[in-house]
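Notes to accompany the following structure.
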Amino acid sequence: KLSLFVLIVTWLLFFPNSPYILTDLFHLRMNSSAPIWFDLVVILSFAWTGLMFGFVSLMDISTLLKKYFSNRTISIIIVFFLFISSFGIYLGRYLRWNSWDILRNPFGLFNDIADRFVNPFSHPRTWGMTLLMGVLLNMIFFSIKLLTTKKQSS
């Protein structure tokens, strides 16, 4: 159980990198040398690929958890993971923290995280981005899960 816990925590530190690619849509600009539709297709294709590989890894984690938890509990854990990941995406996009900063600068990272929990009303962007991205990731993940479950049962 301890090794599974360490595996999941390590996985969770890097998982937000997968859906983070969606936020690269912020880089779309009309004044680029390439047409905006080209940039859009490139970013979306990378974002979709990243999301799919990330969601496959999340499905693998849920399979590992089946030994210890019911399907309902696993669904709750997945929702939690996706919202935690959304918070991680915020940390990366706006505060410019990276996954390896947990080892490189843990105190600075902890201070930024703690400040958002101690003073939540001072950081509405943090919670707005986390909530909306979490809802989006949950909608996409559970839609894909529903489609794959339906396909397997037919």
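The values are calculated or read from the model by the stated rules, or taken from the named source; none is laboratory data. Since this is a predicted model, take the numbers as computed values, not measurements. Cβ sites come from the backbone with ideal geometry, for glycine too, and all protein chains shown count toward neighbours. Protein only, heavy atoms only, side chains kept; ligands, DNA and RNA dropped before computing areas. Shrake-Rupley method; radii C 1.70, N 1.55, O 1.52, S 1.80 Å.
In table form, for the structure just shown:
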{"read-out": "Among the residues listed as S85, S62, S45, S70, the single one being surrounded by fewer than 14 Cβ atoms within 10 Å (Cβ to Cβ) and either at pLDDT below 95 or within 29 Å of L4 (Cβ to Cβ) (or both)", "value": "S70"}
{"read-out": "Total residues in segment 16-53, condition over 28 Å from I84 (Cα atoms) and of a type in the set (S, T, Y)", "value": "2"}
{"read-out": "Of all residues in segment 11-42 being under 19 Å from R96 (Cβ atoms) and among the polar types (S, T, N, Q), the one that is most open to solvent (accessible area, probe 1.4 Å)", "value": "N17"}
{"read-out": "All positions within segment 92-115 that are open to solvent by less than 60 Å² (accessible area, probe 1.4 Å), within 18 Å of the chain's Cα centre (by Cα) and without any contact (Cβ under 8 Å) to a residue 40 or more places away in the chain", "value": "L95, W97, D101, L109, I113"}
{"read-out": "From I113, I144, I102, residue being part of a helix (DSSP H, G or I) and under 22 Å from W48 (Cβ atoms)", "value": "I144"}
{"read-out": "Some residue of segment 24-42 being aliphatic (A, V, I, L, M), touching a residue at least 24 places away in the same chain (Cβ under 8 Å) and under 27 Å from W127 (Cα atoms)", "value": "no"}
{"read-out": "One residue from T130, T126 being closer than 16 Å to Y94 by Cα, within 12 Å of the chain's Cα centre (by Cα) and polar (S, T, N, Q)", "value": "T130"}
